[in-house]
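Have a look at the structure below, then the notes.
Throughout, read-outs are computed from the coordinates displayed, never taken from laboratory work. Not measured: the values here are computed from a predicted model. Glycine also receives a Cβ, built like all others from the backbone with ideal geometry; neighbour counts cover every protein chain displayed.
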Amino acid sequence: MRTLGIETSCDETAVAVLDGDGRIEFALLSSQVETHAPFGGVVPEVASREHLKALPVLVDRALQSAGGPPELVAVTAGPGLVGALLVGVRYAAAFAWGRGVDFIAVDHLDGHRVSPFLDLDGGPARDAPAPVLGLVASGGHSAWYLTGAEGSIRLCRTRDDAAGETFDKVAKVLGLPYPGGPGVDRLARLGRASGTLFRQPRLKDGTHDFSFSGVKSAAIREVRARGLEGLGEDRVGQGGRDLMASFEAAVVRQLLKPAPEFVGEHRPVLITASGGVAANTLLRRELEAVGVALGVEVLLPPLGLTTDNAAMIARAGQLAWRRGRRDDPCRMDVNAREVWHPPGMRRQMERRRAREQGSIAPPGEC
Ligand code: KG4
Ligand code: ZN
């Protein structure tokens with residue numbers, strides 16, 4: 001199934017075409033970073049309008065460059081910014097309906113989870129073994145998942161800020177451009193980390209959940225106390241570089257801390273990391289070291305596929321199609337909740353929940 005993938009959940013308009021083996025035939029992305037930069041973050045309405053402008057142009061280019069016409073359309077339907085998602089979903093649904101090809105709504109996080117299995121050098125997608133232990137760390141999410149043949153379960157998550165959001169917020173106070181993660185990464189490479197500057201949070205409920213708000217506030221306090229506020233990458237000096245190295249190390253340490261226990265408990269055959277923060281140099285290095293120490297292979301996405309892209313959405317759509325999923329382009333909807341269920345699943349989830357609680361299930365099928 002040659003697959004057209006469309007991703008518009010946030011501030012990148014991305015379009016890709018994959019052949020039936022998951023080989024990337026075409027991938028192009030129109031970034032809105034410069035449009036949003038003056039605001040220091042993504043402005044949802046502006047994002048929607050930019051998607052509206054870029055999407056038809058990118059899809060036309062994709063159709064001209066791909067090896068043939070797509071037989072399946074896969075689009076991110078959540079979670080994300082509602083207006084931005086709507087542009088992609090309606091466009092994709094109309095495209096699939098108009099051409100009479102199959103249509104699949106994809107969970108953005110499923111996309112991130114399959115990104116390590118894609119190849120940017122023209123190779124086919126690698127088949128995923130089971131079970132896989134995977135970290136997804138981006139601007140909106142930070143969680144560990146266990147993925148098997150039946151799907152994914154979340155093992156732990158952040159209770160407050162996402163890891164990428166934490167990098168972005170501290171970077172902003174330091175005067176780095178949005179998104180701040182790459183700038184923090186560059187500074188940290190030139191700095192020396194202190195292991196004692198930032199304390200690790202202790203959640204009292206026995207879960208492995210993360211909390212990044214403490215390290216974020218402490219880092220912002222340090223930036224201000226050291227007179228580094230607003231100085232930007234070139235003027236923060238060695239003090240700023242050392243501070244960012246300590247801050248980055250505290251975030252990465254927290255992200256990787258549950259890995260040994262999850263490996264012991266679930267015996268994965270593979271550990272992956274994905275999402276924008278999986279581009280972080282220290283995280284990649286430390287996760288490789290964790291894999292070596294625990295004797296489990298680590299698979300990381302190519303740097304070009306860590307942030308939001310449409311190849312991962314097309315691949316997640318192909319895998320869902322292989323499992324028998326088909327969505328109706330005339331009945332698609334989107335929502336921007338953290339927990340997103342494909343169309344048709346929502347009613348089933350409500351019924352299951354009602355059964356578990358012993359109450360009356362809502363009538364009818366979705
Ligand atoms: O996956 P993504 O493109 O978008 C979301 O789904 O959120 O992730 C973007 C996030 C931003 O917060 C950005 O600062 C972060 O990924 N990021 C990084 C690096 N590159 C991007 N964080 C740390 N180090 C990096 N090298
Ligand atoms: Zn993402």
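Under 15 Å from the Cβ of Ser48, count the other residues' Cβ atoms, weight Lys and Arg +1, Asp and Glu -1, and hand me the total.
Spelling it out: positives minus negatives among the neighbours equals -2.
Rounded to two decimals, what ratio of Rg to Rh does the chain give with C-alpha atoms and a Kirkwood Rh?
Looking at the chain, the ratio lands at 0.98.
Using alpha-carbon pairs under 8 Å, 6+ residues apart, how would you state the relative contact order of region 160-211 in percent?
Relative contact order comes out at 29 percent.
Taking the DSSP beta bridges in region 1-137 as the whole, what percent of them are antiparallel, to the nearest 5?
Roughly 55 percent of the DSSP beta bridges within region 1-137 come out antiparallel.
Quick one: which residues, 5+ away or cross-chain, put their amide H under 5 Å from the amide H of Asp209? H built at 1.01 Å from N.
Arg157
Between Glu45 and Arg189, what length comes free when the chain is fully extended (0.36 nm per residue of separation minus the Cα-Cα distance, one decimal in nm)?
Fully extending the segment from Glu45 to Arg189 adds 48.3 nm.
Starting from the Kirkwood radius over alpha-carbon pairs of region 35-98, derive D by Stokes-Einstein at 25 °C in a medium of 0.890 mPa s and give it in µm² s⁻¹.
Estimated diffusion coefficient is 188 µm²/s.
Residue separation times 0.36 nm, minus the C-alpha to C-alpha distance between Arg323 and Ser211: what's the value?
36.8 nm
Quick one: putting +1 on the C-beta of Lys and Arg, -1 on the C-beta of Asp and Glu, what dipole do you get for the chain around its Cα centre, in Debye to the nearest 20?
With only Lys, Arg, Asp and Glu charged at Cβ, the dipole is about 800 debye.
Determine ³J(HN,Hα), in whole Hz, for all residues of region 4-19 in sequence, where each value follows from phi through the Karplus function 6.51 cos²θ - 1.76 cosθ + 1.60 and θ = phi - 60°; x replaces Gly and Pro.
8, x, 10, 10, 9, 6, 9, 10, 10, 8, 10, 9, 8, 10, 10, 7
In nm, to one decimal, how far is the Lys53 label point from the Ala37 one, both placed 7 Å along Cα→Cβ?
Computed distance between label sites Lys53 and Ala37 equals 1.5 nm.
Amide H of Ala193 versus every other amide H placed in the peptide plane: which residues, excluding those fewer than 5 positions away on the same chain, fall under 5 Å?
For Ala193, no residues qualify.
Pull out the extension gain between Leu63 and Cys330, defined as 0.36 nm times the separation in residues minus the alpha carbon to alpha carbon distance; nm, one decimal.
Gain on extension, Leu63 to Cys330, equals 93.9 nm.
Output the relative contact order of region 1-135, whole-number percent, from Cα pairs under 8 angstrom with separation of 6+ residues.
In percent, rounded to a whole number, it is 28.
Between Asp127 and Arg235, what is the FRET efficiency for a Förster distance of 56 Å, r being their Cβ-Cβ separation, to the nearest 0.05?
For R0 = 56 Å, the calculated efficiency reads 0.70.
Can you compute the helix-only [θ] at 222 nm over the chain? Use -39500 (n - 2.57) per DSSP H run of at least 4 residues, normalise by all residues, nearest 500 deg cm²/dmol.
About -13000 deg cm²/dmol.
Quick check for me: using +1 on Lys/Arg Cβ and -1 on Asp/Glu Cβ, what's the dipole size of region 205-330 about its Cα centre, in debye to the nearest 20?
180 debye
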